[in-house]
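Notes follow once the structure below has been shown.
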Amino acid sequence: MPRINYPHLSAGLALCLCLSAAAPVQSVELEQLWLPKSYLRHLPRLYDAARLVEESPGCEELLEGTSHLGRSTLEHPVFTLKCRNPSGQTFSLMVDGPSLMKVDDTRPGGLVSFEQLREEYELAQQRERERQEKARELAALEAQKQQTEQERQQWLQWWEDEFARRETFWKECVAALEQRVGGMQALEWLTTERPEPELGQEPNLESHPPLTYVIDFNAESYYGEALFYRASCRQDDQRELELDIKARRD
């Protein structure tokens, strides 16, 4: 297929091409368009087809345009145009010369307008944006779910450690208190089960707060007088045990 020597186009053909082109300047160059000599009269139509293709979605750059000899006749030309998409890949499509519609054998009638293609492209883009937004929302929900589950597992472990710590410290308090007051007369323990401890601060995952157990007990003096006591068994910031016993007023 010989390449057209466009600078030597006839004045009539050049005038036809100028009339076919709209006022806005397009980037389609004549050097990109190839036609056999017998199809030269269809050059303005090829030029219009090239402009439509170049402006169509997905065509970043028009590379070339020519006639599709397998489907063209002198009375009914069909053009093949090659484009490069934004990803740098090349693709070709066919355009029906008389109607300037894209040839698509999967469509009713085998043709589809570029306007419809643009509408379909914009609709597909909108759906893709919605899909991506939905995917982002689902990913954010999944990340939040994973974070919530991770925090739940951390709290479960924290409370497991905390219950063990409270039980251990309670036993230490009872042992220390029994050692301190074991010689008292008529000793009566009013607090017989481990009570809920007083916390030195709000629980958090970073640390375990200091504990204080309050233990009430009674005794008698050497002369048989009733004595009422309250012991405070505290775990300080260094996890050391502090035991304080005071008289209790009921």
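Is it fair to say Ala49 is in contact with an Asp or Glu (Cβ under 9 Å, 6 or more places away or on another chain), assigned to a helix (DSSP H, G or I) and at pLDDT 95 or above? Yes. Of the residues making up the stretch 212-238, those that are assigned to a strand (DSSP E or B) and more than 29 Å from Gln185 (Cα to Cα) number 0. Kindly establish whether Glu172 is open to solvent by 80 Å² or more (accessible area, probe 1.4 Å) and touching a Cys at 6+ places or on another chain (Cβ under 9 Å). Against the criterion (open to solvent by 80 Å² or more (accessible area, probe 1.4 Å) and touching a Cys at 6+ places or on another chain (Cβ under 9 Å)), Glu172 qualifies. Selection of first residues in the stretch 145-171 that are farther than 14 Å from Leu211 by Cβ and of second residues that are outside any helix (DSSP H, G or I), restricted to Cβ pairs under 8 Å at least 6 apart or on distinct chains, gives the following pairs, ordered by first then second residue: Glu151/Leu205; Gln154/Leu205; Trp155/Leu205; Trp158/Pro203; Trp158/Leu205; Trp158/His208. For His76, the conditions (1) surrounded by fewer than 14 Cβ atoms within 10 Å (Cβ to Cβ); (2) in a helix (DSSP H, G or I); (3) at pLDDT 95 or above all hold with the exception of (2).
Restricting attention to the stretch 205-216, the residues being over 15 Å from Arg234 (Cβ atoms) and in contact (Cβ under 8 Å) with a residue 40 or more places away in the chain number 1. In the stretch 114-126, the count of residues that are touching a strand residue (DSSP E or B) at 6+ places or on another chain (Cβ under 8 Å) and not aliphatic (A, V, I, L, M) is one or more.
All conditions but one from (1) under 18 Å from Pro57 (Cα atoms); (2) outside any strand (DSSP E or B); (3) open to solvent by 70 Å² or more (accessible area, probe 1.4 Å); (4) not charged (D, E, K, R) apply to Ala124; the one that does not is (3).
Residue-by-condition table, conditions (1) among the charged types (D, E, K, R); (2) closer than 21 Å to Leu227 by Cα; (3) in a loop (DSSP other than H, G, I, E, B):
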position	(1), (2), (3)
Ala139	no, no, no
Glu142	yes, no, no
Gln147	no, no, no
Gln153	no, no, no
Asp161	yes, no, no
Thr168	no, no, no
Val174	no, yes, no
Gly183	no, yes, yes
Glu202	yes, no, yes
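Within the stretch 181-204, is even one residue in contact (Cβ under 8 Å) with a residue 40 or more places away in the chain, β-branched (Val, Ile, Thr) and surrounded by 10 or more Cβ atoms within 10 Å (Cβ to Cβ)? Yes, that holds for at least one residue.
The values are calculated or read from the model by the stated rules, or taken from the named source; none is laboratory data. Given the structure is predicted, the values throughout are model-derived calculations rather than measurements. FYI the Cβ positions are ideal-geometry reconstructions off the backbone, even for glycines, and counts take in every protein chain you see. Each accessible area value is taken on the protein alone, full model and side chains, heavy atoms only, with ligands, DNA and RNA left out. Shrake-Rupley method; radii C 1.70, N 1.55, O 1.52, S 1.80 Å.
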